[in-house]
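Read-outs throughout are calculated quantities, based only on the coordinates presented, and are distinct from any laboratory measurement. Small disclaimer: the values here were computed from a predicted structure and weren't measured. For neighbour counting, all protein chains shown are included, and Cβ atoms are generated from backbone atoms with ideal geometry for every residue, glycine included.
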Amino acid sequence: HHFPGRAGPGDLVAARLEEGAILAPDQPGLGPEHALRRARELAEQVHLLYVAWTRPEVELHAFVPGHGKLREERYPLPRALEVLFAAFGHDPADSGPLRLGETPAAAPPPPPACPAPAGAAGTEAVRAGVPMSWLPRLKVYRNMARDIRQSMALSDARRGELAHLAAEAFVRAGFDPTDPAPAARRAVGATLGGARLPAGLREHLAGQFTDMLLWLAGLPQCGQALALGLAERELLDPDGGRFRPDLLHLGQDETVILDFKTGHEDPAHLGQVGRYLALARALPGRAALPARGLLVYLDRRVCRPVEEAS
């Protein structure tokens, strides 16, 4: 029942302010209506907790976080339990567990599934184990081995995902245009550091991705966008749909959209960036400014210009 508290704005809701009706992410600034929605969400969480705690017939064990972020900031249910612990005058995070009621008596062991026949005189009866008792353990080990092999395999999709993450880390952290190599190595190291890859393949990819980022940093048509662009910023269409280009640069003289891709070129990529351009030009004060899009195929070292969708 770890329901996280909201770390940022919520879903889009219709609200009415003094200036008129708006569509905005749900947040405290929307006033009493936001508070009412949050109260309903928290009441539903408490209701689910009540249902879970009233179902056990013999014992109920509750594990709650100790002192720290999980308890004090993000999770509302442990904070509600803190009020309950205060009523009992005992907080498990400070000392031993909180026990209520009496410990139930141990249930008698179930009869054996296959009772062994009584042995002959002078011999001991052989007690049969539970049939197929080894099967769940063997199944778990087999699944773990399969998952490890799959996670270490490098498919084209996985390679493209890592290349995209490296480019994103490179742009977000920033780099010196006169010497981008140190920033490129740091971005690649951060991207591949947590990936489960064989050592030889990791070194091979590190070299390829570093060269890829140095090529990206040297593209003259992308310079301003790479240096000043906004990464992963959302654009809303009239119906409330959310679109997120990789890089959005709102310059004084023009609007530039960069979108990173890997693999083969697809006509759908052109339509996607064209849609981003149309939404960017609809932003306040951008309609009269020229707008251009760039499709950057990282692994193929290709940069394609894109026109605004009609």
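Close amide H pairs (under 5 Å, H built 1.01 Å from N) link L247 with E232, L258, residues at least 5 positions away or on another chain.
Report relative contact order for region 232-310 in percent, whole number only (criteria: Cα-Cα under 8 Å, sequence separation at least 6). Let's see the in-between values first.
Numbers: 147 pairs, mean separation 22.9, N = 79.
For region 232-310, the relative contact order is 29 percent.
In terms of its Cα atoms, region 220-310 spans 36, 28, 22 Å along the principal axes, sorted from long to short.
In region 175-251, Rg over Rh equals 1.09, where Rg is the alpha-carbon radius of gyration and Rh the Kirkwood radius from pairwise Cα distances. A Cβ-based charge dipole, computed about the Cα centre of region 150-295 with Lys and Arg at +1 and Asp and Glu at -1, lands at about 240 debye.
Counting alpha carbon pairs within less than 8 Å and at least 6 residues apart, what relative contact order, in whole percent, applies to region 176-237?
With pairs under 8 Å counted, the relative contact order is 36 percent.
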